[in-house]
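The values are calculated or read from the model by the stated rules, or taken from the named source; none is laboratory data. Note that the coordinates shown come from a computational prediction; the quantities given were computed from them, not determined experimentally. Cβ: placed from backbone, ideal geometry, glycine included. Neighbour counts: every protein chain shown.
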Amino acid sequence: MSDEPLADALRTSVGEVLENMFFIDSLDEVAPAGPECSMRAWLPFEGSPSGILTLEVDGAAARRIAADFLAAEESEVTDRQVGDVICELANMICGSLLSKVESTTSFRLLAPRILPPGAAGAPEDPGGGESSTVSLSSGMLNVTIRMESPACPKAPEFVY
Amino acid sequence: MAYRVLIVDDSPAMRTVVRRVIELSGFDLSDCFEAGNGREALNLLEHEWVDVILTDINMPEVDGEEFLRRLASNDLLRSVPTIVVSTDSTENRISRLLSLGARGYVTKPFRPETLREQLETTLGVPNE
């Protein structure tokens, strides 16, 4: 079942973070199917609400994002730096989103982890949740959030 | 007057970006120090004086809240203004951190001018 206020807030947070901190604009939202993502960040959060945010991104896009964020050439950016930046991207999107939909409650973001698809020990994807997929110049980026309890939007600004 | 700034964040990428944003914003920066958590920051502050601290909240070992408590309980360091830079902008969290002694709060994502304005307001830099 789709939670429209949450979905709208997710789209807004993804756009704000990419534009304000990563200087990526002109985002086109696309259908969630398709991208062969090669990097996945997994970010659990506790409190009210609890849940998980996952961010999946094409490898080329991840490297481009990291290079732009660090003001470096793609060839200069290490794999560790790419992972660090993608974790920070997930962290910012998650914090921004939860602050929008649960502005009067408390939550705590746990440390994000990078998991390659199919990695041993990777948390099982329970499915469901709200997703936003955007097409960047260098690949696709998908963010999905799953909450244990429904979020109560502080709307009206997120009810369109 | 040029200022000495300490950035406390467990993400090296975020520390790099905050430092770059400060430099690009036109803020009058003389020296910039970095620490990966509150414990590292307190160790650094034993031998380096700074004019202002920018700190994240969620960090290993000594997190942002505990860092603020330890600064407040230190006679030499409690006067150093601290600005929290975090993704968490819930009312409860901001209220708690301000009560612990934070002098300002900047929510990620932020624009360079927002960070500069917060730094200058906190430091009492006169408008030009």
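Numerical summary
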item: Total residues in the stretch B:58-94, condition in contact with an Asp or Glu (Cβ under 7 Å, 6 or more places away or on another chain), among the aliphatic types (A, V, I, L, M) and farther than 21 Å from B:THR121 by Cα; result: 1
item: Given (1) in a loop (DSSP other than H, G, I, E, B); (2) at pLDDT 80 or above, index of the condition A:ARG146 fails; result: (1)
item: Every residue from the stretch B:22-44 that is assigned to a helix (DSSP H, G or I), under 12 Å from the mean Cα position of the chain (by Cα) and within 14 Å of chain A (Cβ to nearest Cβ); result: B:ILE22
item: Any hit, the stretch B:11-21, residues being within 14 Å of chain A (Cβ to nearest Cβ), touching a residue at least 24 places away in the same chain (Cβ under 8 Å) and surrounded by fewer than 18 Cβ atoms within 10 Å (Cβ to Cβ); result: yes
item: Residues of the stretch A:47-65 satisfying the condition of being in a loop (DSSP other than H, G, I, E, B) and touching a strand residue (DSSP E or B) at 6+ places or on another chain (Cβ under 6 Å); result: A:PRO49, A:ASP58
item: Of all residues making up the stretch B:45-65, the number that are within 14 Å of the chain's Cα centre (by Cα) and either assigned to a loop (DSSP other than H, G, I, E, B) or more than 11 Å from every other protein chain (Cβ to nearest Cβ) (or both); result: 14
item: Enumeration of residues in the stretch A:66-114 that are part of a helix (DSSP H, G or I) and small (Gly, Ala, Ser); result: A:ALA66, A:ALA67, A:SER75, A:GLY83, A:ALA90, A:GLY95, A:SER96, A:SER99
item: Residue list for the stretch B:102-128, restricted to those being exposed (fewer than 15 other Cβ atoms within 10 Å of the Cβ) and in contact with a strand residue (DSSP E or B) (Cβ under 9 Å, 6 or more places away or on another chain); result: B:THR121
item: Criterion: among the acidic types (Asp, Glu), surrounded by fewer than 20 Cβ atoms within 10 Å (Cβ to Cβ), closer than 27 Å to A:ALA111 by Cβ and at pLDDT 95 or above - qualifying residue of B:GLU61, B:GLU65, B:GLU34; result: B:GLU34
item: Scan of the stretch B:74-128 for residues that are farther than 26 Å from A:GLY15 by Cα, among the polar types (S, T, N, Q) and in a helix (DSSP H, G or I), ordered by number; result: B:SER95, B:SER99, B:THR121, B:THR122
item: Subset of the stretch A:76-108 [β-branched (Val, Ile, Thr) and more than 7 Å from chain B (Cβ to nearest Cβ)]; result: A:VAL77, A:THR78, A:VAL82, A:ILE86, A:ILE93, A:VAL101
item: Near pairs, Cβ below 7 angstrom, 6+ apart or cross-chain, from the stretch A:16-27 (over 18 Å from A:ASP84 (Cβ atoms)) to any residue that is modelled with pLDDT of 80 or more and in a loop (DSSP other than H, G, I, E, B); result: A:GLU16/B:PRO109; A:ASN20/B:PRO109; A:ASN20/B:PHE110; A:ASN20/B:ARG111
item: Breaking point among (1) closer than 29 Å to A:VAL101 by Cβ; (2) touching a residue at least 24 places away in the same chain (Cβ under 8 Å), for B:ILE53; result: (1)
item: Residue satisfying all of: in the stretch B:74-124; farther than 16 Å from B:ASP9 by Cβ, touching a residue at least 60 places away in the same chain (Cβ under 8 Å) and not charged (D, E, K, R); nearest to the other protein chains (Cβ to nearest Cβ) among these; result: B:PRO112
